[in-house]
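The values are calculated or read from the model by the stated rules, or taken from the named source; none is laboratory data. A quick note: this is a predicted structure, and the numbers were derived from the prediction, not measured. Virtual Cβ from ideal backbone geometry, glycine too; neighbours counted across all protein chains shown.
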Amino acid sequence: MKIKESEGPSALSQPSSLVEEAPDYTGDDSALAALLQSEFNKEGGRNQQPKEEPKPVVHAPEEEQPLKASEQADLQKVAYTEKLHKVNYNKDFKDNLQSLMSMGFLDFNRNLMLLSQHHNDLERVLGKLIDNN
């Protein structure tokens, strides 16, 4: 069996949608581009503006409500407890720091300084704290 030489593009090489509209299609892409451009122009493609995508609505973040006094005290207690566990003093000293916190004296650095100055005497430290408040 012998295969015949081609005499141009076959009907199979032509896009099916262009076969009826452009029977003289030769497989040249420039002709296809010109045809597509003319169809685009017929539909008024040049005058159409690209549609803008709707922009997402951005809401301002809600203002944070100020913390209640009890919440502030809780945060101070957490910070105080963290500092308490970092201190490498004896058990009595840590117990006195813990006692001062439970009494509402939440300034860790001040409590630490007063306990150091008064040789861990809780009564003298309490006297100083109460006199200054």
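Side notes on the structure shown:
- Residues within the range 41-77 that are modelled with pLDDT of 70 or more and either surrounded by 10 or more Cβ atoms within 10 Å (Cβ to Cβ) or not in a helix (DSSP H, G or I) (or both), tallied: 25
- Answer residue from the range 90-133, given it is exposed (fewer than 14 other Cβ atoms within 10 Å of the Cβ) and among the hydroxyl-bearing types (Ser, Thr, Tyr) and is farthest from the chain's Cα centre (by Cα) among those: Ser116
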